[in-house]
Amino acid sequence: MQYQKRSTPFSSNPQSLFSLVDMAEVLLPEMLDISNDTSSLTSSQELLHVLAVDDSMVDRKFIERLLRVSSCKVTVVDSATRALQYLGLDGENGSVGFEDLKINLIMTDYSMPGMTGYELLKKIKESSIFREIPVVIMSSENILPRIDRCLEEGAEDFLLKPVKLADVKRLRDSLMKAEERAFKNMMHKRELEVNDIYSQLKRAKI
Amino acid sequence: MNTIVVGQLQRQFQDYIVSLYQQGYLDNQFTELRKLQDEGSPDFVAEVVSLFFDDCAKVINDMSTSLERPDHVDFKQVDSGVHQLKGSSSSVGARRVKNVCIAFKECCDVQNREGCLRCLQQVDYEYKMLKTKLQDLFNLEQQILQAGGTIPQVSMN
């Protein structure tokens, strides 16, 4: 039996090869609807969920509004300890049940009593569940060694307080671009996998 | 709606808020605050500054206690208070309050009790002054709304 799309004929055991080729065909990039429109990535129902951490009541109110106006879902806590509790990283329950917690971004003040934003950053980066979440540090002090230290520890960005609407917009845009890149990388990887299957099929002389 | 009255009130509002910026009571950050206010959250600015003024009263009170006894000043506590006030004044655009905090921090750093007491007095004065000014501004806003008008967006360039 000739398979229309590939010119080489079937050889032995057409049944099992059939399903393989079926699968490969479905995975053909041209057949998948990979549009360049990635606006559906974070659909209107799925808002960016931000966890904001700040010990100042005034700043909490401000950042919450700033993020809401920027179309984000916001959870605000008043300390790093509470942030860890929220994420289930405080050692109380382990991380059981927190895998479904969908946080897209953590924004934390640097100088806080008890645990600092830097220490919180380290704890998050140590966590297998949350280490991929971008963490942004906010500080009223423009101290270069501090900024370097945070970036080295894996902070996504360092914002100088007072934070402005434009800062949040820039953050959002760069997060969306990162998601877009991740999506494209994923599709590229799939394409490579599909090509690999075809090579295998070719070698099997179908 | 009496358009003449609304027009007058709006002009009054505009002039007043511009004067607050020009006299240094407010800076750009206050403009940022106003950007976040809309029909859905019409009292946002008033709410934030209210929190700020409450904060001021409390922190100033605590610092006053720390500075009370000449032989036993808790400069660490004072420094923490100044840091807090500097941060919150900066976040709401309270320029004069913020500037006093900068001077206040310097006195604290060198453990100058007299200097600290002077700054404490000044920061108390400045926040109360701003509170009065902003109250007048919010009253003007209310009058405009009650007369059926809209609050002008003032851009400070």
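Here A:Pro162 passes the criteria (1) within 22 Å of A:Asp54 (Cα to Cα); (2) modelled with pLDDT under 95 except the one numbered (2).
Mind listing whichever residues of region B:1-60 are of a type in the set (D, E, K, R) and assigned to a loop (DSSP other than H, G, I, E, B)? I'd like the intermediate steps shown before the answer.
So the first thing to find is which residues in region B:1-60 are of a type in the set (D, E, K, R), and the list is B:11, B:15, B:27, B:32, B:34-35, B:38-39, B:43, B:47, B:54-55, B:58.
Once the filter is applied, which keeps residues that are of a type in the set (D, E, K, R) and assigned to a loop (DSSP other than H, G, I, E, B), region B:1-60 yields B:Asp27, B:Asp38, B:Glu39, B:Asp43.
Restricting attention to region B:96-138, the residues being in contact (Cβ under 8 Å) with a residue 12 or more places away in the chain and under 20 Å from B:Phe13 (Cα atoms) number 8.
When each of B:Ala46, B:Ala94 is tested for being under 17 Å from B:Val123 (Cβ atoms), small (Gly, Ala, Ser) and at pLDDT 95 or above, the lone residue that passes is B:Ala94.
Give B:Asp43, B:Asp62, B:Asp27 a once-over and let me know the one that is surrounded by fewer than 17 Cβ atoms within 10 Å (Cβ to Cβ), farther than 16 Å from B:Phe138 by Cβ, more than 9 Å from every other protein chain (Cβ to nearest Cβ) and charged (D, E, K, R).
Numbers: B:Asp43 fails: farther than 16 Å from B:Phe138 by Cβ; B:Asp27 fails: surrounded by fewer than 17 Cβ atoms within 10 Å (Cβ to Cβ).
None of the others qualify; the one that does is B:Asp62.
When A:Arg181, A:Arg172, A:Arg149 are screened for being open to solvent by 60 Å² or more (accessible area, probe 1.4 Å), out of contact with any Pro (no Cβ under 7 Å at 6 or more places or on another chain) and touching a residue at least 12 places away in the same chain (Cβ under 8 Å), only A:Arg149 passes.
The residue of region A:127-146 that is nearest to the chain's Cα centre (by Cα), among those that are open to solvent by 10 Å² or more (accessible area, probe 1.4 Å) and over 22 Å from A:Glu179 (Cα atoms), is A:Arg146. Can you pull out the residues in region B:47-59 that are more than 9 Å from every other protein chain (Cβ to nearest Cβ) and surrounded by fewer than 16 Cβ atoms within 10 Å (Cβ to Cβ)? Of everything in region B:47-59, those that are more than 9 Å from every other protein chain (Cβ to nearest Cβ) and surrounded by fewer than 16 Cβ atoms within 10 Å (Cβ to Cβ) turn out to be B:Ala57, B:Lys58. Consider region B:66-80 and keep the residues that are within 12 Å of chain A (Cβ to nearest Cβ) and within 24 Å of the chain's Cα centre (by Cα). The one that is farthest from A:Tyr110 (Cα to Cα) is B:Gln77.
The values are calculated or read from the model by the stated rules, or taken from the named source; none is laboratory data. Here the structure is a predicted model, which is why all the values come from computation and not from measurement. Backbone-built Cβ (ideal geometry, glycine too); neighbour counts: all protein chains shown. Areas reflect the complete protein model, heavy atoms only, side chains present, ligands, DNA and RNA absent. Shrake-Rupley method; radii C 1.70, N 1.55, O 1.52, S 1.80 Å.
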